[in-house]
Each structure stands twice: as structure tokens, then as C-alpha cells.
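Below is one structure, written out as C-alpha cells; comments come after it.
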Amino acid sequence: MANKVIELAAEPYPFAFDPGRCALLIIDMQRDFLEPGGFGEMLGNDVSQLRRTIEPNRRLLAAWRAAGLPVLHTREGHRPDLFDLPPAKKARGRSATSIGDPGPMGRILVRGEPGHDIIAELYPEPGEPVIDKPGKGAFFATDLHAILEHRGIKQLVVTGVTTEVCVNTTVREANDRGYDCLVLEDCVGSYFPEFHAMGLKMIKAQGGIFGWVGDSETLIGALAGEKRLMKAS
Ligand code: TIU
């Protein structure tokens, strides 16, 4: 795709999308968080709040891939021996079933288990890095920063779940490392609609203190426009 900056409508002001220096980062679209019968639903959460993000993410991912731009996926989870699982994370929630225990789709949030994997609709293709992260933020204890630096990436389009937990944590981590983040409101979701709304407000408040908030249709439109321009030239 042409290496020119495109002004995208966003809040609190337009995002200067630079396709040559931007990656799509899809956070934790994992079966255990999204699928009926998974760990998230087992804890009493309304997974439909997350599932509404699948279709916009699928459309965006198709357009992003067609434009030949880089995409990375993350998964939250732990080593099968659980040596990277903080005891506090294991204990918190006081649930009868917790991380590492047998769950509806294998051991809960353990790498290699079916429930830990990414949903079929957004499954990574060969050549798309998958970042396995033990924390909520995608930069903590991972090689994400190194991978982005080696490819000259300065901007991230961030989607996935959940808005106020792993998406917000990752955007804050990215902000402190010098990345500009555009979060797409229809492509992120929370089990709690009020936290979703506030999570987005927190990002764009104070002149975009952590980044920008936009939507997938605007970005897909820009990608399509670029393609038309390239065909005509
Ligand atoms: N990916 C992510 O956000 N992990 C969580 O644990 N989220 C909750 O909202 N619990």
C-alpha cells in the first residue's frame, strides 16, 4: 500500500493513519472469552457483549490483509506448568474453577488448550505473529515491542477484548512506549457495557491522553480508497 498519510475521522481529533508504519493488533479474541459454554460465560458473563465485535473484526481483518498490512494477534494465557501464573492472579476471583483448572474447553487459559486459542472467525494466517502474554497488557513479558521496532511500526490499530481490561492496559503500555493507538469502538467489547463506554472515554479524554477512538467502517473505507487509487495509477 502507498506510503502516504490518510486523515481518518476519529476522536478527539482526526488520526493521521500512516499505512507504512501501522500494524493491526487484535487482542485476546479467544474461545474461552467469547464462545458460549466457555470460561467467560461459566463465570456468569454475557458473551453476546463480546460476540458483537466478531463480524466488524472479520471485515476489518479481510480488508487489512487485502491491503497487505501487518497484523498481530494476542492470547492471554499461561504455561502448562503455571510457573508464570502469579499466585495472586490464581487466587483472585475466589471462583471454584480458576486458571489452570479443567474447564469447558480444556484447562482454563493454558497455552495449547482449545479454549485458549483464537476463535475460528479471526484465526491467524501463517506469517501473522501470535503474541502469547501472561498479563493483561500485550507488552508485559512478551517480545511485542521488539517485533514492532524491527518492522518500523509506530502506530497500532487496536481491537479485541475486553475494552477496559486487556485493550486499555495494552493501549496504556503502547502509549508509554511511544506508539500512537487508534481503538475501533465497534471492534472492542466488554462484558459490561458501562465499562466499555468509560474505557473508550478514558482513552480519548484530555486531548487523547492514551490515543484515539474511531470505527472500522471509516478505516475500511480508507483502505478501499487507497486500493482504488493504486489501481488507477
Ligand atoms: N483479555 C482480557 O481482557 N482478559 C480479561 O480477563 N478480561 C476481563 O474482562 N476479565
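The values are calculated or read from the model by the stated rules, or taken from the named source; none is laboratory data. The structure displayed is predicted, hence computed values, not measured ones. All Cβ positions, glycine included, derive from the backbone under ideal geometry; neighbour counts span all protein chains shown. Note: areas computed on protein heavy atoms with side chains; ligands, DNA, RNA excluded. Shrake-Rupley method; radii C 1.70, N 1.55, O 1.52, S 1.80 Å.
Can you work out the FRET efficiency for the pair Asp46 and Lys4, with r the C-beta to C-beta distance and R0 = 35 Å, to the nearest 0.05? Provide the component values of the computation, followed by the final result.
Working: r = 42 Å, r/R0 = 1.20.
For R0 = 35 Å, the calculated efficiency reads 0.25.
Only protein atoms count toward the accessible area here, which uses a 1.4 Å probe; on region 1-133, the carbon and sulfur part of that area reaches 54 percent. For region 172-198, list residues with backbone N below 18 Å from a point placed 7 Å from the Cα of Ile209 toward its Cβ? Counting backbone N atoms under 18 Å from the label point, the list is 172-183, 195-198.
Rounded to whole numbers, the Karplus 3J(HN,Hα) couplings from phi for region 37-42 are x, x, 4, x, 5, 4 Hz, using 6.51 cos²θ - 1.76 cosθ + 1.60 with θ = phi - 60°, and x at Gly and Pro. Averaging the Cα positions of each part gives two centres, and for region 166-222 and region 41-116 these lie 19 Å apart. Between Lys154 and Met198, the distance separating the two model label sites (each 7 Å from Cα on the Cα→Cβ line) works out to 3.5 nm. Across Asp18, Asp180, the residue with the most accessible area heads the list, and the full order at a 1.4 Å probe is Asp180, Asp18.
Accessible surface for the chain, divided over its residues, is 45 Å² per residue with a 1.4 Å probe.
Calculate, for Arg94 and Asp176, the FRET efficiency according to 1/(1 + (r/R0)^6) with r their C-beta to C-beta distance and R0 30 Å; round to the nearest 0.05.
On the way: r = 32 Å, r/R0 = 1.06.
The pair Arg94/Asp176 has a calculated efficiency of 0.40.
Within region 190-229, which chymotrypsin sites (Phe, Trp or Tyr not before Pro) sit in a loop by DSSP and count at most 15 neighbouring Cβ atoms inside 10 Å? Don't skip to the end; give the middle numbers.
Values: sites: Tyr191, Phe195, Phe210, Trp212; in loops: Tyr191, Phe210.
Answer by residue number: there is no such site.
Calculated mean residue ellipticity, 222 nm, the chain: -9500 deg cm²/dmol, from DSSP H runs (n ≥ 4) at -39500 (n - 2.57) each, averaged per residue and rounded to 500. Spin-label pair Val130-Asp18: with each label point 7 Å from Cα along the Cα-Cβ axis, the two points sit 3.1 nm from one another.
When the Gaussian network model of the chain links Cα atoms closer than 10 Å, the mean-square fluctuations of Ile209, Ile220, Ile131 top out at Ile209.
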